[in-house]
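One structure is given here, and the rest of the page talks about it.
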Amino acid sequence: MSFDDLESMFSAKSAKKVTAEAGAGAGPKKEEKAKKVSVIDAKKANAVAIMLGSLCSKQSPEEIRDKILAASCSPELVSRLCINSPDAEDKKQLDAYTGSSSDLARPDAFFLVINEIPMLRPRLKAMLYQQDYEEKVASVNADLRAVIVASEALLQSDALHKCMQIILMVGNYMNSGGYNAQSHGFRISFLNKLRNTKTRDNKSTLLRYIANLLRTKSPEVFKVYDHLACTSQAKGIALSALNAEIAALSAGNKQLQTVVDACKSAPTPLTGDKFAEKFEPFTEVCGKEVALLISTQKQMTTKFSEACTFFGEDPKDIEPMELFGIFAEFMKDLQNAEKENLKSAEDKRKAEAREREMAEKEKRKKKKKPGNRRKTMNLNENSEDKGIMDDLVAELSNGSAFGRQRRRKGGGGATAVKEAAAAAAVDPDEATAC
């Protein structure tokens, strides 16, 4: 058997020998790679290389510079450039470099070119500010309006005020004779504790009692659900974060105006620099809208302070999310208590209905229970039973039926008379005489 074919088909490939010419050709490439110089921080250089590879792989540093000057960069590139742009240390290293720019690594060459743009970082921040501006203004304005509406609802809801008066009345009655009797008010945090006060049998709560009292005595109070629906939105707002957002918008607007003014007053603007031309109209609109936000902020602060003071809270010590959260949670608890009361009433109604039904069944059973009653016959019907009954009546009339009965028993008439007399406790002779 020959294995020549097998050996030729499955034998390992022989390694290629590197020729002297190939080795000589590889030398300049290694030497060329070794010439690339990097002067910026290695970690930043790596981040810039990744950014350029993913967003600007086919663009030269000069083309990217021109886009920055024309304020026509993509939003993603602007966001990445704000992070990966030359800082003071990078500029210092690049200024100290005296070699050829062609010897620099791509991240370093990119930094060297865009470093020519005056006020580079402020420009990038201004472009980033414009990208997020509309969304941030809409969000801040919505939060300001939510706090104003919720504060006005707490101040103007007669249903809420009536509800709290009834709660105070119940609390004063429960505390009568104690230290807290006849209180003039209570902390609003108490509203969220009503559900935790149990009845003596642990089957209900004080909140359920109050809900039932409101439903029976003052049903109009339940309009409070509609009045305070707005607190659900306002309870998620942190006043400190909201004020910080408005301050950031105001600061960004001022910085934007500074950059626009600097670009307009530049003695020798760079070719293709259109930043001032594009951003000046936006700066005017932005200034008016930010001023309106600040005015709304003052109105919000006033209304919120009034609501806090009305309910005995210090506006410096409580946030909107806490104040409105208390009332939003109370509305939810009150609705749940009312649902539980309705379910309990329905369960009670069904139980009473079952008891009545069982009593009716028992009553019907007693009526249908068989006793020593005799069966009756309908004599009005035309049947054979009517003829039989007629014959029986005739026999009873002439006495033959009794005679036949006595004969069947084997006794004479005298015996029957004696038995009847004994049953009546009289003398047999008297019974015969009768």
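The values are calculated or read from the model by the stated rules, or taken from the named source; none is laboratory data. Being a predicted model, the structure only gives us computed values, none of them experimental. Virtual Cβ from ideal backbone geometry, glycine too; neighbours counted across all protein chains shown.
Which is part of a helix (DSSP H, G or I), over 26 Å from Ile294 (Cβ atoms) and at pLDDT below 90, of Asn202, Asn172?
One residue alone meets the criteria, Asn172.
Being touching a residue at least 24 places away in the same chain (Cβ under 8 Å) and either surrounded by fewer than 15 Cβ atoms within 10 Å (Cβ to Cβ) or of a type in the set (Phe, Trp, Tyr) (or both) is the filter here; which residues of region 92-113 pass it?
Residues satisfying the conditions are Ala96, Tyr97, Gly99, Asp103, Phe110, Phe111.
Can you tell me which of Leu292, Leu256 is of a type outside the set (Ser, Thr, Tyr), assigned to a helix (DSSP H, G or I) and within 23 Å of Pro320 (Cβ to Cβ)?
Leu292
Do you know which residues across region 262-286 are in a helix (DSSP H, G or I), free of Cβ contacts under 8 Å to residues at least 24 places away in the same chain and out of contact with any helix residue (DSSP H, G or I) (no Cβ under 8 Å at 6 or more places or on another chain)?
Glu277, Pro281, Glu284, Val285
Give Glu289, Glu319 a once-over and let me know the one that is under 20 Å from Cys230 (Cβ atoms), of a type in the set (Asp, Glu) and touching a residue at least 60 places away in the same chain (Cβ under 8 Å).
It is Glu319.
Looking at Tyr179, Tyr225 in this structure, which one is loosely packed, with under 12 Cβ neighbours inside 10 Å and at pLDDT below 90?
Exactly one residue qualifies, and that residue is Tyr179.
Quick one: which residue in Glu116, Glu89 is acidic (Asp, Glu), in a loop (DSSP other than H, G, I, E, B) and surrounded by fewer than 19 Cβ atoms within 10 Å (Cβ to Cβ)?
The unique qualifying residue is Glu116.
Looking at region 194-242, which of its residues are farther than 16 Å from Phe330 by Cα, touching a strand residue (DSSP E or B) at 6+ places or on another chain (Cβ under 9 Å) and of a type in the set (S, T, N, Q)?
Thr199, Ser204
Could you tell me whether region 61-81 includes any residue that is crowded, with 20+ Cβ neighbours inside 10 Å and either of a type in the set (Val, Ile, Thr) or under 27 Å from the mean Cα position of the chain (by Cα) (or both)?
Yes, the conditions are met somewhere in region 61-81.
Being under 19 Å from Glu313 (Cα atoms) and in contact (Cβ under 8 Å) with a residue 60 or more places away in the chain narrows it down to one of Ser183, Ser189, so name that one.
Answer to the selection: Ser189.
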